[in-house]
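So the structure is just underneath, and the comments pick up after that.
We did not get these values from a lab; they are worked out from the coordinates using the rules stated. What you see is a predicted model; the values in this text were computed from it and never measured. Cβ placement follows ideal geometry from the backbone for every residue including glycine, while neighbour counts extend to all protein chains displayed.
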Amino acid sequence: MTVAFYITAAIALLTTMRVVTHTNAVHALLYFVISLLSVALMFYLIGAPFVAALEVIIYAGAIMVLFLFVIMMLNVGEEHARQERDWLSRRFWAGPGVLCAALLAITAWVIIETAHPSVGHEVVGARDVGASLFGPYLIAVQLAALLLLGGLVGASHLRRHDRRTPLRTDGGKGGES
Amino acid sequence: MNPTLQTLAVTLGILFTLLHVAAVLIWVERRLLALLQDRLGPNRAGPLGLFIIVADVIKIFTKEDWIPPFADRPLYVIAPAIILLTALVGFTIVPVGPGMVVLDLNIGILFFLAFSSLGIYSTVLAGWASNSKYALIGGLRMAAQMFSYEVFMGLSLMGVVILAGSLNLSEIVEAQRGMWFVLPQFLGFVIFLLAGLAETHRLPFDLPEAESELVAGFHTEYSSMKFGIFFVGEYIGLTLIAAMIVTLFFGGWLGPAWIPAPLVFCFKTFAFILFFILMRAAIPRPRFDQMLSWGWKYLLPLALINLIATGALVLIRAD
Amino acid sequence: MEGTQYWPFLVYVGAVLVVIVGQLLLSHLLGERHRDRVTGEPYESGIAPTGSARLRFSIKFFLIAILFVIFDLELVFIFAWAIAIHELGWTGFWGAMVFTAILAVGLIYEWRMGSLDWISRRSPAPRETAVRPAP
């Protein structure tokens, strides 16, 4: 199981690297999906099957499709890929890269120096998650509901047209009716 | 027999059966539709026209495997693979008999929902990668349809989960020994049936590939076996939905003791596949906007009411 | 987790991958090849294609996607409640009730705002989405 965990972790890292370095937005997004799937598998391997399933259903199955929609809507084409390639030049990523590396080094040092965190000794099943969510953490669940309500209200205003100046959502080029 | 060998036989047997069911269904559907529409259907090649399957396979493999020069090559090739992969892998948690399951997962239902939501990528990416107008609109429609119907697909299953007290499909089947869940969960069953049909984009809900509006929708630019994989994927998705209905609402492999359990399961599943084909012949296609708003306005509240009522009843009975 | 056998799953997925790759390869090898004047053009019902296929599409698709994400999240909380219903009892039931009620308010709001209607009910004037791409 430990071997499987490290292999999936390596896949997650590699695919996430490709997300950053890929210039084609849709391809990068596919790598992102694979990265999320491997994170889900990691969750499963350390004994959190419910979280693993949610990772796939919510992130890979819902939020990433939303991202895909945005990319398709924004009409990202070849010129954007060229722009991406320009942004990937050294003078843009050198500074943040060095800082991130420093942060990583410190994190690694802290983890090695302090406790030896070990996971995977007990399995937290779906029933345990539910019992604590709607038990001690009930308030947090209701707050999440309010947050989602806020999202719903915000979303509905996306398509509100100002009646005096009708917004041409499709740029006048046509589209789905 | 050696238990390892037995498990291996079950595993490969399920896959083998699925792939052949998909092929045979092409013939079954054409013959049955012909019968229902007062035509003859394919009846020339071999007994009852059965060899049409072989002819179809030969034909589809020798067609030109055309990758459009304007398409996004890698995505164009991956898209059909995703649909077949998600449909086939989604089948691994379905128990076809006592202990006869590829992956006996404690979160079986969530696994099924996860894989059916991953199936969206296939059609959206196919539509986008084809770089063709009909394909793009078909892919978008597919995504909107799956978005709308997946929510209450999950909700409609929760009544079953409450009754069985488990997400594991084998345990859900065992919990139906006294009574099939279709009786206490009839509303849930109807909603799941509709959501499942929308998910597999079968004919009453085949708006993403409505041939009178969009030529062939998201697979307009596909040819040869890549088109064939979409076709096979659709049949396997249909079989998966039928199998899930049987497992969750109709007692899975439970049946008379003198019939082997897998046969009972296959028989029930096939009955539902025939029902789906019948629906295709009987019901006209709704308009796209009608279908979407119908889902959000009526099926979603109904699924919620069903869930709440089931929860309350179960708790009242427990008191 | 313990007691679950994983190797049949791996065998199954491996076999599925072999089937898919095999099908794609076989059709690639067996298929004919030809090049004609308009082989490399997108199919648009036999008419010469105009413009790009990268259409900009209606915001309503995006709206549906957002609604889906929000209700999918709600679904996740409901999953957690449904599986643990016996442990939680009536307290959990009323908790889930309040949770569902809050989102039901959201759904009613969307309904009243007309977000669930594909065709605008309140402002019939701009029929811009009815414009189809010129053939």
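Remark: region B:288-298, residue by residue, has Karplus-estimated 3J(HN,Hα) of 4, 5, 4, 5, 5, 5, 4, x, 5, 7, 10 Hz, where x stands for each Gly or Pro and the curve is 6.51 cos²θ - 1.76 cosθ + 1.60 at θ = phi - 60°.
Bridging of B:Lys59 to lysines at a Cα separation below 23 Å is possible for B:Lys226, once same-chain residues fewer than 8 apart are set aside. Charging the Cβ of each Asp and Glu at -1 and of each Lys and Arg at +1, and nothing else, the dipole of the protein assembly as shown about its Cα centre rounds to 1520 debye.
Here the Gaussian network model covers chain B, with springs between Cα atoms less than 10 Å apart; of B:Ile236, B:Ile283, B:Ile83, B:Ile283 fluctuates the most.
Do the sum for the protein assembly as shown: with -39,500 (n - 2.57) for every DSSP H run of n ≥ 4, divided by all residues, what is the mean residue ellipticity at 222 nm, to the nearest 500 deg cm²/dmol? All intermediate terms of the calculation are to be shown ahead of the outcome.
On the way: 24 runs with 411 residues, N = 631.
Estimated from H runs of four or more residues: -22000 deg cm²/dmol.
Figure legend: label point modelled 7 angstrom from the Cα of B:Met179 along Cα→Cβ; no residues of region C:61-83 have amide N under 11 Å from it.
Once you average over the residues of A:39-48, how many Cβ atoms of partner chains fall within 10 Å of each Cβ?
Numbers: counts 0, 1, 0, 0, 0, 3, 1, 0, 2, 1.
Going residue by residue through A:39-48 and averaging, the value is 1.
Pair-distance distribution of region B:92-231: all C-alpha pairs, bin width 10 Å, starting at 0; shares per bin in whole percent are 12, 35, 28, 19, 7, 0. Applied to region A:53-69, the Karplus parametrisation 6.51 cos²θ - 1.76 cosθ + 1.60 on θ = phi - 60° returns per-residue 3J(HN,Hα) values of 5, 5, 4, 6, 5, 7, 6, 6, x, 10, 5, 5, 5, 4, 4, 4, 4 Hz, with x for Gly and Pro. Considering only the Cα atoms of region A:1-160, their convex hull presents on average a projected area of 13.0 nm². Note on region B:1-112: along the principal axes its Cα atoms extend 45, 43, 27 Å, ordered by decreasing extent.
Under 8 Å for C-alpha pairs, at least 6 residues apart: give me the relative contact order for region B:1-113, rounded to a whole percent. Please list the in-between numbers first.
Numbers: 53 pairs, mean separation 24.0, N = 113.
It rounds to 21 percent for region B:1-113.
Stokes-Einstein, applied to the Kirkwood radius of the protein assembly as shown over Cα pairs at a viscosity of 1.306 mPa s and 10 °C, places its translational diffusion at 61 µm² s⁻¹. Legend: mean number of C-beta atoms from other chains within 10 angstrom of residue C-beta atoms, peptide C:104-110, equals 5. Once both labels are positioned 7 Å from their Cα atoms along Cα-to-Cβ, the gap between A:Ile7 and A:Ile112 label points is 2.7 nm. Radius of gyration (Cα atoms) of region C:58-119, expressed as a multiple of 2.2 N^0.38 Å: 1.37.
What is the mean number of Cβ atoms from other protein chains located within 10 Å of the Cβ atom of each residue in peptide B:136-143, rounded to a whole number?
Whole-number average of other-chain Cβ neighbours for B:136-143 is 5.
Largest GNM mean-square fluctuation across B:Arg287, B:Arg202, B:Arg177, computed for chain B with C-alpha springs under 10 Å, falls on B:Arg287. For region B:8-155, a simple Cβ point-charge model (Lys and Arg +1, Asp and Glu -1, everything else neutral) yields a dipole of about 400 debye relative to the Cα centre.
The packing ranking, built from the mean of other Cβ atoms within 10 Å per residue, places the peptides A:38-49, B:302-313 in the order A:38-49, B:302-313, highest first.
Computed over chain B, relative contact order equals 23 percent, with contacts defined as Cα pairs under 8 Å that lie 6+ residues apart. The residue among A:Val19, A:Ile57, A:Ala81 whose Cα reaches farthest toward the positive pole of the charge dipole of region A:2-90, with charges on the beta-carbon of Lys, Arg, Asp and Glu, is A:Val19.
Listed by chain and number, the lysines whose alpha-carbon sits under 23 Å from that of B:Lys297, ignoring those within fewer than 8 places in the same chain, are C:Lys60.
Here, P(r) means the percent of Cα pairs in each 10 Å bin from 0 to the largest distance; for region B:243-319 it is 16, 23, 33, 24, 4. Near the amide H of B:Asp65, within less than 5 Å, lie the amide hydrogens of C:Gly31, C:Glu32, all on another chain or at least 5 residues away, with H placed in the peptide plane. For region A:2-90, a/c is not less than 1.5, where a ≥ b ≥ c are the root eigenvalues of the C-alpha gyration tensor, and a/b does not top b/c. That puts it in the oblate class. The base-10 log of I(q)/I(0) for chain B, evaluated at q = 0.10 Å⁻¹, reads -0.60 [Debye formula, identical scatterers on Cα atoms, solvent excluded].
Sequence-ordered 3J(HN,Hα) estimates for region C:9-23 from the Karplus curve with 6.51, -1.76 and 1.60 and θ = phi - 60° stand at 5, 5, 4, 4, 4, x, 5, 4, 4, 4, 4, 5, 5, x, 4 Hz, glycine and proline given as x. Summing Cβ point charges (Lys, Arg +1; Asp, Glu -1) relative to the Cα centre of region B:119-261 gives a dipole of roughly 80 debye.
What does the highest-first list of B:19-32, B:51-64, A:100-113 look like by mean Cβ count within 10 Å?
Details: B:19-32: 18.0, B:51-64: 15.7, A:100-113: 9.8.
Going by the mean number of other Cβ atoms within 10 Å, highest first, we get B:19-32, B:51-64, A:100-113.
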